[in-house]
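See below for the structure under consideration.
We did not get these values from a lab; they are worked out from the coordinates using the rules stated. In this text, all values refer to a predicted model and were calculated from it rather than measured experimentally. Cβ sites come from the backbone with ideal geometry, for glycine too, and all protein chains shown count toward neighbours.
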């Protein structure tokens, strides 16, 4: 379960958000400026709440009343950004292995094969990121995050920088990830169609406030402005 009860002042903008989700994919949905990325950064530990609690599977990661803040590298939370952020000087095999090495995890060839098969990236291992399409780079970024063995995976508009053809290419892999990887996800998007296909629970944000929470039926009929 993901439990979030936080407030944070960011200049003239403020976030006041409270929800608890047990969904395989918790969607954070809202227009640009709604507070989605700020909220996901608090879950990751990159941004500290002014007040409140964040907990994953019963472990408290932030509790401002108790003065508790677990740093990002100890949260076991994977993060995939809108741009894949692969290392251009490393080949894909080395990029995939980066998260495991940074977390000092034992090498697991069976897990490597499961992830590369799941995301269909086994044929890319000897290439450099500059030789991949945008969709391929995002699949590698997903694989790198999974191989770090996270207990929660955060995806911040992972298809936001892709054209429509690449979005159609990567969406089935995200659905497969939801159904087969057994890692709960928080998925940020302003695209209602994406959210309907992926999210099992939806947190709708507007101006830093939760205005709806429930299944995909709470989504509006159209995509919101980016």
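Note on the chain: GNM, Cα springs under 10 Å; of 136, 157, 169, the largest mean-square fluctuation is that of 169. Of interest is the spacing of the C-alpha centroids, which for region 33-77 and region 106-184 amounts to 25 Å. Here residue 13 and residue 64 are evaluated by their C-beta separation; at R0 = 22 Å the FRET efficiency comes out at 0.70.
Computed over Cα pairs, the Kirkwood radius of region 1-120 leads via Stokes-Einstein (0.890 mPa s, 25 °C) to a diffusion coefficient of 149 µm² per second.
The Rg/Rh ratio for region 154-208, using Cα coordinates for both the radius of gyration and the Kirkwood hydrodynamic radius, is 0.95. Rounded to the nearest 10 degrees, the angle from helix 134-147 to the longest Cα principal axis of the chain is 80 degrees.
Taking the chain as the region of interest, what is the percent of Cα-Cα pairs per 5 angstrom bin, listed from the shortest bin to the one with the maximum distance? Taking every Cα pair in the chain, the percentages come to 1, 7, 15, 19, 19, 16, 12, 7, 3, 0. Over the chain, with a Gaussian network built from C-alpha contacts below 10 Å, which listed residue (100, 74, 144) shows the highest mean-square fluctuation? Highest fluctuation among the options: 74. Direction-averaged projected area, Cα convex hull, region 43-83: 3.3 nm², rounded to one decimal.
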